[in-house]
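Below is one structure; the comments refer to it alone.
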Amino acid sequence: MQTLMKGAAIATLGWMIGSAALAQDAFETWIKTSELGANQPAEENWGEITRKANEEGEVTIYSSSSSVSALAEDFMKLYPKIKVNAYDLGSEKTIEKFVREQQAGIFNVDVVNTAGTAQMIFDLLPNKRIVNYVPRYLTDKIPEELREPLLTQVIEATVLMYNADAYKDGPPVKNVWQLTEPDWKKRFAMKSPLGSLTSLALLASIVEHSDSFAKAYETYAGKPIELSDGIENAGYEFLHRLLKNDLVIYDSGSKLATASGLKGQNNPPITFSSMHYINKNGSDDYANAILYDIDPAGVFAYSTYTSIAGQAPHPNAAKLFIAFQMGSKDLTPDTKVEKPYREGESLKLLQGMAAYFKVGTFSPRTDVPLPKGGEKWPEAKKIFGSAEFQRDNVAAVNDFWVVETSQ
């Protein structure tokens, strides 16, 4: 019996090794024929790529952005022979669904757009579930840290927002530690990081930049910070004190925008909100404003990445879609585009940037115009979280949050 069991185990192991080898062979064949990775030509023939993309006839996108539907519509305006299947899944579900399907041997996705730095860079990329693709003509238009190891589609940010209608004389706080004081008890809010990779990344960025938070505290209080029992650094201490001050947790980013921005409030809260919600000032008559100058920072920036799925069935359409997302070759910093951005000449110039051409989503390209209202972006004090810190610490940050909010 033992001999039979050993034989079965060896056979199973052999099958697994054989399957892995076959999968590796399939990937290598695909990446070579698709001219991706090391096989990407030094000069790409976009006429030929477009011809092949039209022959492929469709492209499937998994995205964490609700703007992906508009992106798909705009692509089909310029490339009517290619059908776009666009799925807005949120950051966490995008990765979960994509990985689960590939594990089952289902390769039906062409482009993956999402944040989730740790998962994208340190899991999906090295395990060949995705491939980085940067059109050659954009190499010198995008800083290396925003195109390697993965191309940034847009830079987004979580920001501190206040109500400019209620606080007509300017921001009510100048230092983040004021939000931990009794005056702001139950008057500071954010989205739950449980189920939101971007909110969890925000917390990790705060922890990563604990030195900046410690310096900000000393500036505010006039003395070095004293950490609570069991608290590791000033970043964790800041989160600890926010929660002790009855931080309000929301399950929706749009509700946060309403909470801080609704006009006519006497004591509106300050919120950690996605920067793009500032655009609700125009659509919903809100009064949100961004705390650009708060110490240590009011802007916590992060990349939303774009990549080609490993063994994508429509690799040329995927290339064309990624190039489209980044905007046309004809854009310059002085290019004038007029509303409606998603129509006519403006669409031809902005292409996939049109759906994102607003405050809160900024192109990684250095040679394109800024959206109206985004003039402060280049000089704003920003905190960026690193991919390495996210990889090594996001689980610990998540555990900290779970323990703190369960007490």
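The values are calculated or read from the model by the stated rules, or taken from the named source; none is laboratory data. Bear in mind the structure is a predicted one, so any value in this text is a computation, not a measurement. Please note: Cβ atoms are built from the backbone with ideal geometry, for glycine as well, and neighbour counts cover all protein chains shown. Areas reflect the complete protein model, heavy atoms only, side chains present, ligands, DNA and RNA absent. Shrake-Rupley method; radii C 1.70, N 1.55, O 1.52, S 1.80 Å.
Could you list all residues from the stretch 73-93 that are closer than 30 Å to S199 by Cβ and open to solvent by 70 Å² or more (accessible area, probe 1.4 Å)?
Start the filter on the stretch 73-93 by keeping residues that are closer than 30 Å to S199 by Cβ, which leaves 73-75, 84-93.
Correct list: E73, Y87, D88, K93.
Considering every residue within the stretch 262-276, establish whether at least one is under 26 Å from the mean Cα position of the chain (by Cα), at pLDDT 95 or above and more than 11 Å from M190 (Cα to Cα).
Checked against the condition, which is being under 26 Å from the mean Cα position of the chain (by Cα), at pLDDT 95 or above and more than 11 Å from M190 (Cα to Cα), the stretch 262-276 yields no hits at all.
Whether any residue in the stretch 200-207 is open to solvent by less than 30 Å² (accessible area, probe 1.4 Å), in contact (Cβ under 8 Å) with a residue 12 or more places away in the chain and of a type outside the set (A, V, I, L, M) is what I want to check. Reasoning before the result, please.
Initial filter on the stretch 200-207 (open to solvent by less than 30 Å² (accessible area, probe 1.4 Å)): 200-207.
When the remaining residues are screened for being in contact (Cβ under 8 Å) with a residue 12 or more places away in the chain, the result is 200-207.
Subset that is of a type outside the set (A, V, I, L, M): 205.
Yes: one or more hits.
Where residues in the stretch 181-209 are within 21 Å of Y286 (Cβ to Cβ) and among the small types (G, A, S), which of them is modelled with the highest pLDDT?
Going through the qualifying residues, I end up with A189.
Could you tell me whether D284 is touching a Lys or Arg at 6+ places or on another chain (Cβ under 7 Å) and over 30 Å from V112 (Cα atoms)?
Working: touching a Lys or Arg at 6+ places or on another chain (Cβ under 7 Å): no; over 30 Å from V112 (Cα atoms): yes.
Answer is no for this residue.
Which of the following residues is farther than 30 Å from L179 by Cα and either modelled with pLDDT of 95 or more or not hydrophobic (A, V, I, L, M, F, W, C) (or both): G310, G298? Outline the logic, then answer.
Values: G298 fails: farther than 30 Å from L179 by Cα.
The unique qualifying residue is G310.
Is it the case that the stretch 160-177 has a residue that's open to solvent by 10 Å² or more (accessible area, probe 1.4 Å) and within 19 Å of the chain's Cα centre (by Cα)?
Within the stretch 160-177, not a single residue is open to solvent by 10 Å² or more (accessible area, probe 1.4 Å) and within 19 Å of the chain's Cα centre (by Cα).
Taking the stretch 55-72 as the region of interest, how many residues are part of a helix (DSSP H, G or I) and loosely packed, with under 14 Cβ neighbours inside 10 Å? Steps first, answer last, please.
The initial filter retains those residues of the stretch 55-72 that are part of a helix (DSSP H, G or I), namely 55-56, 68-72.
Checking which are loosely packed, with under 14 Cβ neighbours inside 10 Å leaves us with 55.
Qualifying residue count for the region: 1.
Taking only the stretch 96-120 into account, find how many residues are of a type in the set (A, V, I, L, M, F, W, C), open to solvent by 20 Å² or more (accessible area, probe 1.4 Å) and assigned to a helix (DSSP H, G or I). Reasoning before the result, please.
Applying the first criterion (of a type in the set (A, V, I, L, M, F, W, C)) to the stretch 96-120 yields 98-99, 104, 106-107, 109, 111-112, 115, 118, 120.
Next, from what is left, pick out any that are open to solvent by 20 Å² or more (accessible area, probe 1.4 Å): 99, 104, 106-107.
Subset that is assigned to a helix (DSSP H, G or I): 99.
Of the residues in that region, 1 qualify.
I'd like the full set of residues that are hydroxyl-bearing (S, T, Y), assigned to a helix (DSSP H, G or I) and modelled with pLDDT under 95, limited to the stretch 218-257. It would help to see each step written out before you state the result.
Taking the stretch 218-257 first, the residues hydroxyl-bearing (S, T, Y) are 219-220, 228, 236, 250, 252, 254.
Those left that are additionally assigned to a helix (DSSP H, G or I): 219-220, 236, 254.
Of everything in the stretch 218-257, just one residue is hydroxyl-bearing (S, T, Y), assigned to a helix (DSSP H, G or I) and modelled with pLDDT under 95, namely S254.
Cβ-Cβ below 9 Å, separation at least six or inter-chain, first residue in the stretch 255-284 and open to solvent by less than 20 Å² (accessible area, probe 1.4 Å), second in a helix (DSSP H, G or I) and among the basic types (K, R): which pairs?
Partner pairs satisfying both residue conditions: A257/K280; G261/K280.
Based on this model, can you work out whether K52 counts as at pLDDT 95 or above, basic (K, R) and either out of contact with any Pro (no Cβ under 6 Å at 6 or more places or on another chain) or part of a loop (DSSP other than H, G, I, E, B) (or both)? Reasoning before the result, please.
Values: at pLDDT 95 or above: yes; basic (K, R): yes; either out of contact with any Pro (no Cβ under 6 Å at 6 or more places or on another chain) or part of a loop (DSSP other than H, G, I, E, B) (or both): yes.
Criteria met by K52.
Please go through the stretch 375-407 and pick out each residue that is over 18 Å from the mean Cα position of the chain (by Cα) and within 25 Å of M353 (Cα to Cα).
E375, K376, P378, E379, A380, K381
Could you check the stretch 293-340 and list, in sequence order, the residues that are touching a Gly at 6+ places or on another chain (Cβ under 9 Å), open to solvent by 10 Å² or more (accessible area, probe 1.4 Å) and farther than 30 Å from M161 by Cβ?
Scanning the stretch 293-340 gives a single hit, H314.
Among the residues of the stretch 380-407, write down those that are open to solvent by less than 40 Å² (accessible area, probe 1.4 Å), closer than 20 Å to L194 by Cβ and in a loop (DSSP other than H, G, I, E, B). Spell out how you get there, then give the answer.
Start the filter on the stretch 380-407 by keeping residues that are open to solvent by less than 40 Å² (accessible area, probe 1.4 Å), which leaves 380, 383, 385-387, 390, 394, 397, 400-401, 404.
The next check asks that each one be closer than 20 Å to L194 by Cβ; those that pass are 385, 390, 394, 397, 400-401, 404.
Of everything in the stretch 380-407, just one residue is open to solvent by less than 40 Å² (accessible area, probe 1.4 Å), closer than 20 Å to L194 by Cβ and in a loop (DSSP other than H, G, I, E, B), namely G385.
Hey, can you tell me all the residues within the stretch 122-146 that are surrounded by fewer than 18 Cβ atoms within 10 Å (Cβ to Cβ) and of a type outside the set (A, V, I, L, M, F, W, C)? Show your work before the answer.
To start, the set of residues in the stretch 122-146 that are surrounded by fewer than 18 Cβ atoms within 10 Å (Cβ to Cβ) comprises 122-123, 126-128, 136-137, 139-140, 143-145.
Those that are surrounded by fewer than 18 Cβ atoms within 10 Å (Cβ to Cβ) and of a type outside the set (A, V, I, L, M, F, W, C): D123, P126, N127, K128, R136, Y137, T139, D140, P143, E144, E145.
List pairs: first residue in the stretch 378-392 and touching a residue at least 12 places away in the same chain (Cβ under 8 Å), second residue among the charged types (D, E, K, R) anywhere in the structure, Cβ distance under 6 angstrom, at least six positions apart or on different chains.
G385/E208; F389/E208
Mind listing whichever residues of the stretch 285-307 are outside any strand (DSSP E or B) and either in contact (Cβ under 8 Å) with a residue 60 or more places away in the chain or in contact with a His (Cβ under 9 Å, 6 or more places away or on another chain) (or both)?
The initial filter retains those residues of the stretch 285-307 that are outside any strand (DSSP E or B), namely 285-287, 291-294, 296-298.
Once the filter is applied, which keeps residues that are outside any strand (DSSP E or B) and either in contact (Cβ under 8 Å) with a residue 60 or more places away in the chain or in contact with a His (Cβ under 9 Å, 6 or more places away or on another chain) (or both), the stretch 285-307 yields A287, L291, Y292, D293, I294, P296, A297, G298.
Search the stretch 356-379 for residues being open to solvent by 60 Å² or more (accessible area, probe 1.4 Å) and assigned to a loop (DSSP other than H, G, I, E, B), and hand back the single one that is farthest from L146 (Cα to Cα).
Initially, the stretch 356-379 is screened for residues open to solvent by 60 Å² or more (accessible area, probe 1.4 Å), giving 358, 366, 370, 372, 375-376, 378-379.
After this cut, where a residue has to be assigned to a loop (DSSP other than H, G, I, E, B) as well, the list is 366, 370, 372, 375-376.
Details: T366: 11, L370: 17, K372: 23, E375: 20, K376: 20 Å.
It comes out as K372.
Pairs please, first residue from the stretch 163-180 and modelled with pLDDT under 95, second anywhere and part of a helix (DSSP H, G or I) and open to solvent by less than 10 Å² (accessible area, probe 1.4 Å), Cβ atoms under 6 Å, 6+ apart in sequence or on different chains.
none
State which residue pairs qualify: first residue under 17 Å from A396 (Cα atoms) and inside the stretch 224-237, second residue open to solvent by 70 Å² or more (accessible area, probe 1.4 Å) and part of a helix (DSSP H, G or I) in any location, beta carbons under 9 Å apart, and separation of 6 or more residues or different chains.
Listed pairs, sorted by first residue: N233/D211; A234/D211; A234/K215; G235/D211.
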